[in-house]
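> Structure in structure tokens, see below.
What follows draws every value from the coordinates through simple rules; no lab data is involved. The shown structure was predicted, so the numbers you read here are calculated from the model rather than taken from an experiment. Note that each Cβ is placed from the backbone with ideal geometry, even for glycine, and that neighbours are counted across all protein chains shown.
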Amino acid sequence: MSTLKNILKDRILILDGAMGTMIQRHNFTEDDYRGEQFKEYHTSVKGNNDMLSLTQPEAIKEIHRQYFNAGADIVETNTFSSTTIAMADYDMEEYVYELNYQSAKIAREVADEFKETEPDKPRFVAGSIGPTNRTASMSPDVNDPGYRAVTFDDLRLAYKQQVGALIDGGVDVLLVETIFDTLNAKAALFAIEEVNEERNLQVPIMVSGTITDASGRTLSGQTAEAFLISISHIDLLSVGFNCALGADQLTPYLQVVSDKSKFAISAHPNAGLPNAFGEYDETPKEMAGKIKEYLEKGLINIVGGCCGTTPEHIKAIADMAEDYSTRSTVG
């Protein structure tokens, strides 16, 4: 963690952009998703982007390369849904270790390629840990408010398997992201602490929540400050927000955590809000212009993009960030 912490004190670090947006550019078919390994698989797998690390590894590698070339210091593994809980949708629970390990290995190899050619600019790999498709603190059934589709222990065990595989694959940091239910996140953090303790490691942790709408709260009802307080018992590398909102809508919530946190602050917003077709129209120039407010106010230490962002967006953000100092109260 010391290397990352030291760099964060010197300059703003650039996180990559959306993986799904880039995968969509390939227009992969069902057969492309299946590849040779899953050619005879018993159910449809189109849309399972994480499995492309196994069936289309060169495409995933090239996406990582494009983000590094655009100026990213950190790329995220293609593992947002790589838990037994999320992979149950495709009956692929048994492949979870392989998904995480290979995704981390792919990203590590690309980061090392860039380290060879630019040894003075370290590149890092963040293990992407998504929220799963279930929530531990709320019922999915409006007629049965006491029902839970998943337990804390279910989540802890699923996350522990994911975390172990990501570490085996060579990640530098673990990113618990797009948190809509803090209880899910707490299970992930508990799992990471267990793995760190069992292996005598100190893998750094980034945490990124999601403000779901103009109410300024997460889906499970927390304000930005409440979210920060509820996870601050862990020694985090960074805390911040991603997804759901565009860059300008995220500013007041970043201000709250920046004012009150001892940790580094991260932001990777969407490229604006989705249009009627679920697509993101904000151009790289427009998005960078809105992120400029973060930089002028000294709110952040790490910045990148979420849904709808591309290497062009990351380049625009990285180019602009060069002219600004990092947020000063780190560690």
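> Within segment 7-48, what residues put their amide N at less than 20 Å from the label point 7 Å along the Cα-to-Cβ vector of ASN69?
Output list for this probe position: 14-28.
> What ³J(HN,Hα) values, in whole Hz, does the Karplus curve 6.51 cos²θ - 1.76 cosθ + 1.60 give for segment 186-193 when θ = phi - 60°, with x put for Gly and Pro?
Listing the rounded values in order: 4, 5, 5, 5, 4, 4, 4, 4 Hz.
> In segment 214-322, which chymotrypsin sites (Phe, Trp or Tyr not before Pro) are in a loop and have at most 11 other Cβ atoms within 10 Å, using DSSP for the loop call? Spell out each step's value before the answer.
Working: sites: PHE227, PHE241, TYR253, PHE263, PHE277, TYR280, TYR294; in loops: PHE263, PHE277, TYR280.
Hits after loop and neighbour filter: PHE277.
> Between GLN24 and ASP144, what length in nm is gained on full extension when 0.36 nm per residue of separation is reduced by their alpha carbon distance? Intermediate results must be reported in sequence, preceding the final value.
Details: separation 120, 0.36 × 120 = 43.20 nm, distance 3.75 nm.
Taking GLN24 through ASP144 to full extension adds about 39.4 nm, to one decimal.
> Can you give me the C-alpha center-to-center distance between segment 1-38 and segment 269-326, rounded to a whole angstrom?
Each part's Cα centre sits 16 Å from the other's.
> Something else now. Under a 10 Å cutoff between Cα atoms, tell me which one of ALA276, ALA244, ALA267 has the largest fluctuation in the Gaussian network model of the chain.
Ranking ALA276, ALA244, ALA267 by mean-square fluctuation puts ALA276 first.
> Sticking with this structure for a sec: Which entries of LYS121/LYS285; LYS115/LYS292; LYS290/LYS315; LYS105/LYS285; LYS61/LYS121 have Cα-Cα distances beyond 22 Å here?
Working: LYS121/LYS285 25 Å; LYS115/LYS292 29 Å; LYS290/LYS315 14 Å; LYS105/LYS285 33 Å; LYS61/LYS121 19 Å.
Cα-Cα > 22 Å for LYS121/LYS285; LYS115/LYS292; LYS105/LYS285; rest within.
> Now for a different question. Students often get this wrong: which residues of segment 77-111 have the backbone nitrogen under 15 Å from the point 7 angstrom along Cα-to-C-beta of SER44?
Flagged as within label range: 89-91.
> Show me the GluC sites (Glu not before Pro) within segment 66-152 that DSSP assigns to loop and that have at most 15 other Cβ atoms within 10 Å of their Cβ. Before the final figure, lay out the partial values.
On the way: sites: GLU76, GLU93, GLU94, GLU98, GLU109, GLU113, GLU116; in loops: none.
Sites meeting the loop and neighbour criteria: none at all.
> Using the Karplus equation 6.51 cos²θ - 1.76 cosθ + 1.60 (θ = phi - 60°), what ³J(HN,Hα) coupling, rounded to whole Hz, does each residue of segment 91-98 give in order, writing x for Gly and Pro?
Along segment 91-98, the couplings run 6, 10, 4, 5, 9, 4, 4, 4 Hz.
> Running Debye on the chain with equal point scatterers at the Cα sites and no solvent, what base-10 log of I(q)/I(0) appears at q = 0.08, 0.11, 0.12, 0.16 Å⁻¹?
One equal scatterer on each Cα of the chain leads to -0.33, -0.65, -0.79, -1.51.
> Quick one: if the Förster radius is 35 Å, what FRET efficiency do ASN6 and ILE234 give, using the C-beta to C-beta distance and rounding to 0.05? Please report the intermediate quantities before stating the final value.
On the way: r = 20 Å, r/R0 = 0.58.
For ASN6 and ILE234, the calculated efficiency is 0.95.
> Moving on to the next point. In whole percent, what relative contact order does the chain give with Cα contacts below 8 Å and a gap of six or more residues? Walk me through the intermediate numbers first.
Details: 679 pairs, mean separation 66.2, N = 331.
Once divided by the residue count of the chain, the mean separation gives 20 percent.
> Can you compute 3J(HN,Hα) from phi for each residue in segment 160-165, using the Karplus curve 6.51 cos²θ - 1.76 cosθ + 1.60 with θ = phi - 60°, rounded to whole Hz and x for Gly and Pro?
Running phi through 6.51 cos²θ - 1.76 cosθ + 1.60 with θ = phi - 60° gives 4, 5, 5, 4, x, 5 Hz.
> A further question on this structure: Would you mind telling me which residue in ASP50, ASP89, ASP181 has the biggest mean-square fluctuation in a Gaussian network model of the chain, where springs connect alpha carbons within a distance under 10 angstrom?
The residue with the greatest mean-square fluctuation here is ASP89.
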